[in-house]
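Notes to accompany the following structure.
Every read-out reported here was derived from the displayed coordinates using simple, explicitly stated rules and does not represent laboratory data. Keep in mind that this is a model prediction, so the values were computed, not measured. In this analysis, Cβ positions are derived from the backbone assuming ideal geometry, glycine residues included, and neighbour counts consider all displayed protein chains.
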Amino acid sequence: MSESNNWEKDVLTSIATEGLKEQKRSRRWGIFFKILTFVYLFVLLVMLNPSIQGGANKGEKHTALVELKGVIAPGAEASADNVVTGLRAAFKSPDTAGVILRINSPGGSPVQSGYIYDEILRLREKYPDTPLYAVVSDICASGGYYVAAAAEKIYADQASIVGSIGVRMDNFGFVEAMKKLGVERRTLTAGKSKALLDPFAAQDPKVINHMKSLLKSVHNQFINAVKQGRGDRLKEVDGMFEGLIWTGDQSVEIGLIDELGSSSYVAREVIGEENIVNFSIQPDFLERFSKQIGAQISSLLVEKELSLQLR
């Protein structure tokens, strides 16, 4: 009986000991994976946040870069608030030798573009020893060119698209379609022209003339801004102020831009400070992280679909 009790006790002790060892191993692996996850998230944060990656040290001269990317509109990445805030910070830095406004935009709001244009002129006057150059990447059209015209000089690639100096307002008309479908319009207004440009009503010649006058006024503001910014460098040709576009090398010939060159070229050869520090206003970390995750998922789905189609 005694030997039986000892045997059972030994087995229970052995099981308990192994259980404790397994718990310790589990805790160690748990700590390891927590540390690994923390390191991964930290590295990801550094990769996604240019401000953490660093730039010039205090007291070290640099070229300041501000991005104007996408449609110029309120609340967009290329809103006047974002671009102007970045420009102010770039000029305010005592170590900024020159500023590059890198533009890749099809245009957008004339009001937002005008805000940026006026602020560039104000900053250039306030900091006369700090030059600002516009550098075009793929496209600098309409409102994008409106902004660029305020720069001291404009650079672009030979294949960049430049110009589109004009104003547009889009609308549709469904009057005939409504007649065929038997749909009746029942819009009530207080004010004869309150529903102007209603796509479900016939065009009113008086309203059309009024809107054309409005577009012409904004167009003239655009033209005057370009002429003020570019001055005698412009060699006016047919279509220059009628919405046509040109390549970078053609734009040099007619004075829409000054020279061909990239951001690194301007920083190195024109400003003389090859070290570039980005002063662009960045979306918050979570927003950029979610966008990158979404882009990766979309890419994987497309690759999967393509692979299925090719089989």
(request) Please report 88, 230 as a ranked list, fewest other C-beta atoms within 10 angstrom at the top and most at the bottom. (result) 88, 230
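Roughly how many debye, to the nearest 20, is the charge dipole of the stretch 105-237 about its Cα centre, given +1 on each Lys and Arg Cβ, -1 on each Asp and Glu Cβ, and no other charges? Before the final figure, lay out the partial values.
On the way: 18 positive and 14 negative charges, 123 e Å.
It works out to roughly 580 debye.
Which of the residue pairs 92/227; 69/227; 69/126; 179/206; 69/179 have a Cα-Cα distance greater than 32 Å in the structure shown? Walk me through the numbers on the way to the answer.
Details: 92/227 28 Å; 69/227 24 Å; 69/126 25 Å; 179/206 23 Å; 69/179 44 Å.
Among 92/227; 69/227; 69/126; 179/206; 69/179, the Cα-Cα distance tops 32 Å for 69/179.
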(request) Using the number of other C-beta atoms within 10 angstrom as an exposure proxy, rank 241, 222, 174 with the fewest first. (result) 174, 241, 222
